[in-house]
Amino acid sequence: MLAKIIKLFLRISIGVGFLSAVADRFGFWSKEVSAWGNWKNFLNYTQALNPLVPYSLIPFIAWTSTIIEIAFGVCLIAGFKTSITAKLSGWLLLFFALAMTFARGIKAPLDYSVFPASAAAFALSLIREKFLEVDSLIKKYKNKAK
């Protein structure tokens, strides 16, 4: 039972983390706690993390990462395709941590715990027990249909 609770905690915390970052880009967090506060600041940050990429491609990168983070956040919280979503989340967070490291130095990804978040996502992908997951309902439905 403990593994199921840990899995649920990992799913929710990583998923909400993604959605919180997205909310920040669109100004849903107050200025006091916001990292970017608006889309323009997020575009500038995206450019800072990708200094070799022409600015004309930055909106594409920003929108792509935002859409992926929304999808991963929702899928993790709901427990849909948890293993693959967690694995992909681990890679996304690792790439983000490395981009932060190469563009800004090691302190930022350490301060924001991006490496541990990546490791947590990879660990989540290894927990096979199902608990409060859409995947469980889909499996149950498929078994009844047989």
statement: Inter-part gap, Cα centre of segment 111-146 to Cα centre of segment 5-22, in whole angstrom, is 11
- prompt: So which lysines can K139 reach, going by Cα to Cα under 21 Å and dropping same-chain residues fewer than 8 places off?
  reply: K4, K7, K81, K87, K130
query: How much net charge surrounds D24 when only the other residues with a Cβ under 14 Å from the Cβ of D24 are counted, with Lys and Arg +1 and Asp and Glu -1?
result: +1
- prompt: Going by how many other Cβ atoms sit within 10 Å of their own, how do L126, L49 line up, fewest first?
  reply: L126, L49
query: What angle, in degrees between 0 and 90 and rounded to the nearest 10, separates the Cα long axis of helix 82-104 from the longest principal axis of the Cα atoms of the chain?
result: 20
task: Please compute the net charge surrounding T46, taking Lys and Arg as +1 and Asp and Glu as -1 over other residues with Cβ under 11 Å from its Cβ.
output: +2
- line: Relative to the chain, whose Cα atoms define the longest principal axis, helix 2-25 and its Cα axis are tilted in degrees, nearest 10, by 30
- request: Quick one: grab Rg to one decimal and Dmax as a whole number for the chain, Cα atoms only, in Å.
  value: 16.8, 55
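Each value in this text was obtained by applying a stated rule to the coordinates, not by laboratory testing. The model shown is predicted, which means the values in this text are computed figures rather than measured ones. Backbone-built Cβ (ideal geometry, glycine too); neighbour counts: all protein chains shown.
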